[in-house]
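What follows draws every value from the coordinates through simple rules; no lab data is involved. Please read all numbers here as calculations on a predicted model, not as lab measurements. Positions of Cβ are generated from backbone atoms using ideal geometry, with glycine treated the same way; all protein chains shown enter the neighbour counts.
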Amino acid sequence: MEYAILSSKSNYTIFKFGSHVIRFKAPYSLEYYSSVKEWDHGYLVVMAKYSHNNQDEEEYIDLVPILEKLYFDVDEFLKPIKEVRVEYA
């Protein structure tokens, strides 16, 4: 598998790749992620729907500091990921 999955559920962002599932706190008003515009070795530019806005907004997620705090070998973990897809939970 060369792609990862991005989703959200119950105020959490969920990033899945291989056997790893990484959850972290999302903004309280996040309803869902609608698309991934860019993936650059741990840095995501996504479109997200928030409850306070009728239109999707551009949002930025940097996974590197999250992975570092979880003691991942960041380069080794991110290296095989070629794409990130949105999945609705």
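Which of the residues that make up region 30-89 are among the polar types (S, T, N, Q) and closer than 16 Å to residue 12 by Cβ? Before you say what the answer is, go through the steps one by one.
Going residue by residue through region 30-89, those that are among the polar types (S, T, N, Q) are 34-35, 51, 53-55.
Hit for region 30-89 is 51, nothing else.
For region 57-89, enumerate the residues that are within 14 Å of the chain's Cα centre (by Cα) and more than 18 Å from residue 3 (Cβ to Cβ).
The answer is 58, 59, 60, 62, 64, 65, 66.
Which one of these is among the small types (Gly, Ala, Ser) and farther than 14 Å from residue 85 by Cα: 34, 51?
Sole residue among the options that is among the small types (Gly, Ala, Ser) and farther than 14 Å from residue 85 by Cα: 51.
Go through region 63-82 and give me each residue that's surrounded by 11 or more Cβ atoms within 10 Å (Cβ to Cβ) and in contact with a strand residue (DSSP E or B) (Cβ under 9 Å, 6 or more places away or on another chain).
Scanning region 63-82 gives 63, 64, 66, 67, 70, 72, 77, 78, 80, 81.
Here's the yes/no breakdown for (1) closer than 21 Å to residue 25 by Cα; (2) of a type in the set (Phe, Trp, Tyr):
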{"residue": "42", "(1), (2)": "yes, no"}
{"residue": "45", "(1), (2)": "yes, no"}
{"residue": "49", "(1), (2)": "yes, no"}
{"residue": "53", "(1), (2)": "yes, no"}
{"residue": "60", "(1), (2)": "yes, yes"}
{"residue": "65", "(1), (2)": "yes, no"}
{"residue": "79", "(1), (2)": "no, no"}
{"residue": "87", "(1), (2)": "yes, no"}
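Which fully enclosed strands (runs of 3 or more DSSP E) of the chain have 1 or more residues being polar (S, T, N, Q)?
On the way: elements: 3-9, 12-17, 20-25, 30-40, 43-50, 57-62, 83-86.
Strands (runs of 3 or more DSSP E) meeting the threshold: 3-9, 12-17, 30-40.
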